[in-house]
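Peer 1: Dumping the structure here so I can ask a few things about it.
No lab work stands behind these numbers, since they all come straight from the coordinates. Everything numeric in this text was worked out from a predicted model, so none of it was measured. Cβ atoms come from the backbone with ideal geometry, glycine included; neighbour counts cover every protein chain shown.
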Ligand code: SDX
């Protein structure tokens, strides 16, 4: 194949380099397009066909249902590694040695205290505030308490910023839940591993010793690993573009939290369980909801179904579905929403509408069912997604800065009014 792409406009031909990725993906580098064609741009709403960067962090193949971090298959990572081990891999590029991992865990614990003045910020929110809004605000507020600029070119500076946010983020995330439920805010328990600490931050009450359930911890560890990074999704692209302006790491992460909140993105896990509960309340009539999802006049979408990239099974959904079965068996649980989810999936996958559009269950379809089984309230599902996605956001922000990428500033095609004279108010009808 030629290493050049030819574009012909108005009888004139323009050449652009073709780039080949390490997984044989092909990209046309159009970075000289506007300059060499005297102003022509491409247009691609939602960037469905447009790459924003080169990256070494995550590879996914939507047609084959492949997801790898730094070359390691997600199936192997969930089976063999811990959340922090995968976080280290994603952020620093290699699996940590035993010594590196132990140091990483200790340094994160060393950063798990949050400035007491942060309580003043959280107290300013009404109890009805959604935890994602609180988390975004508290993450941005970290900048005020840690004003130093992260020097990406200093390994020590970057490492310290990484362990700082990994230590503090779960505390801030769970404070939103505690506050809204009139519970005292918990502190980290540095005698526990990262995931067990998240569980105690969420559920420990001061009057009793918190009993760790290893089955629940294992399920949450696996679930959060599956959320750690997913290349240039909406919230990660947000973190990158905010960071590209020179905004600090915590401010960029705060923007990522806000982007993840949307029901078409990370907010879908909450929307899935609300949908399953509505179907259950409605007598479990899944066909009715499948037809609603297919009806163009009905805004209803089958939440947890479909994906911008995966036009095959989302490999994460497969792993989560299996984990849900195992967790329910281990904890001897019987949740009608799991049965409804499986029935919904079975009916949808046989339906032409979904097959034609290659709509399969995505990461959010089953994750909410596990969160529910772990006692996590629905409003906190997307917060858990944010805790899981944090290492990916950090890694992508770090890569963008290390690569010295320019400030993100897309162009547009203007389709508004052409030049017209000012009209005085007397002449306006
Ligand atoms: C995440 O990008 C990532 O990697 C995201 C993520 C990550 O890890 O970061 O994987 C996490 O966000 C997963 C997605 C969670 N969102 C949902 O589950 C919400 C429901 N799904 C959709 O709204 C939708 O599928 C999107 C937003 C996920 C993807 O939308 P696209 O790629 O823009 O596709 P589209 O909206 O153009 O849909 C194509 C067709 C349309 O029908 P036609 O116009 O061709 O007739 O499929 C239909 C859509 O109406 N369609 C659906 C549907 N999803 C798409 N119809 C019914 N139910 C759905 N869920």
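Peer 1: Among 316, 70, what is the fewest-to-most ranking by other Cβ atoms within 10 Å?
Peer 2: Numbers: 316 27, 70 19.
Final ranking by Cβ density, sparse to dense: 70, 316.
Peer 1: Here's another thing I want to ask about it. Would you mind classifying region 157-263 by shape? Square roots of the alpha carbon gyration tensor eigenvalues, ordered a ≥ b ≥ c; an a/c under 1.5 is rounded, otherwise it is prolate if a/b is larger than b/c and oblate if not. Mind showing how you got there, number by number?
Peer 2: Working: a/c = 1.93, a/b = 1.79, b/c = 1.08.
It is prolate, given that a/c is not under 1.5 and a/b is the larger ratio.
Peer 1: Now a separate question. Counting other C-beta atoms within 10 Å, which of 1, 113 has the fewest, and how do the rest follow? Display every interim value, and only then the final one.
Peer 2: Working: 1 6, 113 13.
Going from sparsest to densest Cβ surroundings: 1, 113.
Peer 1: Moving on to the next point. For the chain, find the longest principal axis of its Cα atoms and tell me its angle to the long axis of helix 155-180, 0 to 90°, nearest 10.
Peer 2: Between the helix axis and the principal axis of the chain, the angle is about 60 degrees.
Peer 1: Right, another one. Classify region 23-164 from the C-alpha gyration tensor, please: rounded if a/c falls under 1.5, else prolate or oblate depending on whether a/b exceeds b/c.
Peer 2: Values: a/c = 1.92, a/b = 1.33, b/c = 1.44.
Here region 23-164 falls in the oblate category.
Peer 1: Which whole-angstrom value gives the distance between the alpha carbon centres of region 204-225 and region 346-362?
Peer 2: Cα centres, region 204-225 to region 346-362: 35 Å.
Peer 1: First measure r as the distance between the Cβ atoms of residue 13 and residue 312, then evaluate 1/(1 + (r/R0)^6) with R0 = 30 Å and state the FRET efficiency to the nearest 0.05. Intermediate values should be presented prior to the final figure.
Peer 2: Values: r = 37 Å, r/R0 = 1.23.
It comes out at approximately 0.25.
Peer 1: Using Cβ contacts closer than 10 Å as the measure, can you line up 337, 50 from fewest to most? Walk me through the numbers before you get to the answer.
Peer 2: Numbers: 337 19, 50 14.
Lowest to highest Cβ neighbour count: 50, 337.
Peer 1: What's the ranking of 269-279, 318-328 by average number of surrounding C-beta atoms within 10 Å, highest first? List each step's numbers first, then the result.
Peer 2: Working: 269-279: 21.6, 318-328: 19.2.
In descending order of packing, they fall as 269-279, 318-328.
Peer 1: Can you tell me the alpha carbon radius of gyration of region 277-429 divided by the globular rule-of-thumb value 2.2 N^0.38 Å? Please report the intermediate quantities before stating the final value.
Peer 2: Details: Rg = 22.6 Å, N = 153, 2.2 N^0.38 = 14.9 Å.
Against the empirical 2.2 N^0.38 Å value, I get 1.52 for region 277-429.
Peer 1: Roughly how tilted is helix 214-225, in degrees to the nearest 10 and between 0 and 90, from the longest Cα axis of the chain?
Peer 2: For helix 214-225, the angle is close to 10 degrees.
Peer 1: Is the shape of region 47-103 rounded, prolate or oblate, going by the alpha carbon gyration tensor and its root eigenvalues a ≥ b ≥ c, with a/c under 1.5 for rounded and a/b larger than b/c for prolate? Numbers along the way, then the final one.
Peer 2: Values: a/c = 3.60, a/b = 1.77, b/c = 2.03.
In terms of gyration-tensor shape, oblate.
Peer 1: Output the relative contact order of region 113-183, whole-number percent, from Cα pairs under 8 angstrom with separation of 6+ residues. Each step should come with its number before you reach the end.
Peer 2: On the way: 37 pairs, mean separation 35.7, N = 71.
That works out to 50 percent.
Peer 1: Please check which bits of region 88-112 a label hung off residue 22 would reach, taking the label as a point 7 Å along Cα-to-C-beta and the cut-off as backbone N under 11 Å.
Peer 2: 93-94
Peer 1: Can you tell me the length gained on complete extension of the stretch residue 326 to residue 407, counting 0.36 nm per residue apart and subtracting the Cα distance?
Peer 2: Separation in residues times 0.36 nm, less the Cα-Cα distance, equals 24.6 nm.
Peer 1: Using r as the Cβ-Cβ distance of residue 160 and residue 208, and R0 as 25 Å, what FRET efficiency do you calculate, to the nearest 0.05? Write out the running numbers ahead of the final one.
Peer 2: Numbers: r = 35 Å, r/R0 = 1.41.
Plugging the Cβ-Cβ distance into 1/(1 + (r/R0)^6) gives 0.10.
Peer 1: Could you give the Stokes-Einstein D for the chain in µm² per second, using the C-alpha Kirkwood radius, 25 °C, 0.890 mPa s? Present the calculation step by step, with values, prior to reporting the outcome.
Peer 2: Numbers: Rh = 23.5 Å.
The estimated diffusion coefficient comes to 104 µm²/s.
Peer 1: With a 10 Å radius around each residue's Cβ, average the other Cβ atoms per peptide and rank 362-371, 34-43, highest first. Can you show the working numbers first?
Peer 2: Numbers: 362-371: 27.1, 34-43: 11.4.
Output ranking for 362-371, 34-43: 362-371, 34-43.
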